[in-house]
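Worksheet for the structure shown next.
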Amino acid sequence: MTDEKKSQIIGIAVMVIIVFGIGIMLICSKNMKKKENESNTTTKTTQKVIEKTTQPTTARVEDTNAFRMVIEDIFTTPTGIAVTGTISQGTLHEGDKVEILGDNKIISTNIHKIEKQEKETSVATKGDYISIILKDVNKSQVLRGQTVASPSSITATNKFKANIHINTLKEGGNDMPIYNNYLSSFVFKIESYNGTITLDNDEEMINPGETKSVTVELDTTVAMEKDSTFSIRENGREIGIGTVTELIK
């Protein structure tokens, strides 16, 4: 074998060794990075678990105001009448005494059961949508729109003074004024009631865009208090809004 061929063979062998060595280095580097990533992932997961388990749990704060809930639906159950609604203020406990106000009556009763998210609970507070089971109450006695409240915490009346604003066309109302002894529908919370507007201070009319003091008399009693708000509607359109300023008993 000539010296030239020997040199060629040695050169090829060196190249093979170099390529093989580079390949081994790349594989080792890749494995090291993989182990490092797995280690980081495990550490992060462990940290999250520790944070989750050590994070303090805070109990839900009960609203200390007088309980208030407007009835949205009514059902008959084997254990009594169930009324549903969202608690607007206060906290309700199983066994609490309450009043149902509106529709020219006041019914005193006790809370038999409370259900929240289809599960029985002993307490519910502001913002909860609940079902209340009432005993010794007939379905004919309760109506949608009545208010369930802590005893003597709110008044039901059919006559009150208010400041009302009549909407313009741009506000969604109409371009007609309203006159004395005006008949309309008044919406409190979720239910509407028929009633009459009497203008105060010898006013003859209220033009769209104006806000004036009036006396409203409804066909039935509604639970309300000073600063309660309502809307005035006609033919599905909100022609005005109002705020109660004084209850007339």
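The values are calculated or read from the model by the stated rules, or taken from the named source; none is laboratory data. Since we're looking at a predicted model, the values are computed, not measured. Cβ placement follows ideal geometry from the backbone for every residue including glycine, while neighbour counts extend to all protein chains displayed. Side chains included, ligands, DNA and RNA excluded: accessible areas come from the protein's heavy atoms. Shrake-Rupley method; radii C 1.70, N 1.55, O 1.52, S 1.80 Å.
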* To do: For VAL148, state whether it is touching a strand residue (DSSP E or B) at 6+ places or on another chain (Cβ under 6 Å), in contact (Cβ under 8 Å) with a residue 60 or more places away in the chain and open to solvent by 40 Å² or more (accessible area, probe 1.4 Å).
  => no
* Evaluation of LEU183 against (1) in contact (Cβ under 8 Å) with a residue 60 or more places away in the chain; (2) open to solvent by 50 Å² or more (accessible area, probe 1.4 Å); (3) of a type in the set (A, V, I, L, M) (one fails), failing number -> (1)
* strands (runs of 3 or more DSSP E) contained entirely in the range 133-249, each with at least 3 residues that are modelled with pLDDT under 95 -> none
* To do: Just give me the residues in the range 63-104 being at pLDDT 95 or above and charged (D, E, K, R), in sequence order.
  => ARG68, GLU72, ASP73, GLU94, ASP96, LYS97, GLU99, ASP103
